Each structure stands twice: as C-alpha cells, then as structure tokens.
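Quick notes on the structure that follows.
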Amino acid sequence: GLKQELFHRHKEAQQCCRPHNLPLLRAAQQREMEAVEQRIREEQRMMDEKIVLELDQKVVDQQSTLEKAGVSGFYITTNPQELTLQMNLLELIRKLQQKESESEKAFS
C-alpha cells in the first residue's frame, strides 16, 4: 500500500513538473522509492525474525510439556538432530493415534 501511494504521488508530481525539472524530480523520486523499498525489506526481516523466535518458543513449550508428561525422548534441546528425532516421534505418535481412532470407529 505504501509503495502504491508513493507511485501515485510521484506520477502526479511528474504531471505538474516543468520539463526542464523532470530529470531532477525523477532522480529524487527514485531515491525515495529505493528508501521505501529498503524500509519494507527491513520491516519484513524484523517480522520474519519475530516469527522465528515465537516458533522457537513454541517448540520449547512443547518439549517442556511432553517432558513433564513423561513422554520418552522429549526434553528441551536446540540440537537439530535431537529436534528431528523429536519431530519424528511426534509424527509416529500422531499416526498411531490416528490408527487407533480409525479402529475404534470400525468396532463402533
């Protein structure tokens, strides 16, 4: 939205500009557009970092909960190999639960 608004403002300014000032106006507008794009990239990077930190916290919370519940193989770790093992364990638990649910429906 910000880029769109800037684009329209630039277009209006170019239409009102005298021909001999047009190159200067375009150069200034180009610098302004680059600054806006840089700001957008920086805000996106900060948002991405925030999301990653929130996801990391969710993983720690999940590890802690499963550890407290006594689920074997779960404890707080940031080791990528251990995290992969825990993800595989969760997938196995999910599949076993799904099969159990399906078999209960068959006997109902």
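Of all the listed residues (93, 40, 76, 51), the sole one being of a type in the set (Val, Ile, Thr) and touching a Lys or Arg at 6+ places or on another chain (Cβ under 9 Å) is 40.
Of the residues making up segment 43-68, those that are within 19 Å of the chain's Cα centre (by Cα) and of a type in the set (Lys, Arg) are 45, 50, 58.
Every number in this text was worked out from the coordinates using simple rules, so none of it is lab data. Since we're looking at a predicted model, the values are computed, not measured. Reconstructed Cβ throughout: ideal geometry from the backbone, glycine too, with neighbour counts over all protein chains shown.
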